[in-house]
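The values are calculated or read from the model by the stated rules, or taken from the named source; none is laboratory data. Worth saying up front: this structure is predicted, and the values here are computed from it rather than measured. Using ideal geometry, Cβ is built from the backbone for each residue, glycine included, and neighbour counts are taken over all protein chains shown. Surface accessibility is based on the protein's heavy atoms, side chains included, excluding ligands, DNA and RNA. Shrake-Rupley method; radii C 1.70, N 1.55, O 1.52, S 1.80 Å.
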Amino acid sequence: MGQKIAHMKALWMLQEEGFIDLYFGDEAGFQLVPNIPYGWQAKGEYVRMLPRKGKNLSIFGLLSCDNHLVCYPTEQTTTAAFIIESLDHFASKITKPTVLVLDNAPIHKAKAFMQKRAEWEAKDLFIFFLPKYCPHLNRIETLWRKIKYEWIKPKDYKSWRTFTNAVKNILASFGSDQYNIRFSEPYYVSLIS
């Protein structure tokens, strides 16, 4: 893991110097089943949210170090083919060498995905896999958590349409005063001298 952290620091420094763009990618699923990590109400007061099963809005997101967000939404199951198609599109838009940091999810290690790496590298898109079990190193995980636990409001769960509109509005407005994350320098930058 120490070697991966050293590589993360080097990538961070390269993007700070303007030699590369550094993005953090991951998928997230959004459903009408509310995410309630915990809750409380006053004695005698009842808070009620009816869960609804069914549709799923999946987002493959790419978040840069300067909070530029690129999203690829689908209401289908996220597959390696969808991720590949999204990265093909992303690779066609980059303007300088770009490193995409991903976790070790099976979808990211699928045979078809791994076979595309040489083609993406020829277009200056490079994939860097995080150490296993280190979601805290992936910046976009913070974005998914903020959306699910803070920015989606109870009123947004009224219907599938209001829900998807709320999620899409948050994603489109990310970086504004209302939906923003002020990241500090990653801890690994100061770990290795």
- Message: Of the candidates ALA166, ALA81, ALA42, which one comes out as most mobile in a Gaussian network treatment of the chain with C-alpha springs shorter than 10 Å?
- Response: ALA42
- Item | Within the chain, helix-based [θ] at 222 nm, where runs of 4 or more DSSP H residues each add -39,500 (n - 2.57), nearest 500 | -11000 deg cm²/dmol
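Return the equivalent ellipsoid semi-axes of the chain as a descending list in whole Å, where each equals the square root of 5 times an eigenvalue of the C-alpha gyration tensor.
Details: eigenvalues 204, 82, 47 Å².
Working from the Cα gyration tensor, I get semi-axes of 32, 20, 15 Å.
Once you've got the Cα coordinates, tell me which of LYS43/LYS153; LYS4/LYS93; LYS55/LYS158; LYS4/LYS96; LYS146/LYS168; LYS55/LYS168 are over 18 Å apart.
LYS43/LYS153; LYS4/LYS93; LYS4/LYS96
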- Environment charge of CYS71, counting only residues whose C-beta is closer than 12 Å and scoring Lys/Arg +1, Asp/Glu -1: -1
- Considering only protein heavy atoms, what per residue accessible area in square angstrom results for the stretch 127-180 with a 1.4 angstrom probe? 54 Å²
- Query: Dividing the alpha-carbon Rg of the stretch 79-183 by 2.2 N^0.38 Å yields what?
  - Reply: 1.26
- Query: Counting only protein heavy atoms, what percent of the accessible surface of the stretch 81-162 is carbon or sulfur at a 1.4 Å probe?
  - Reply: 55 percent
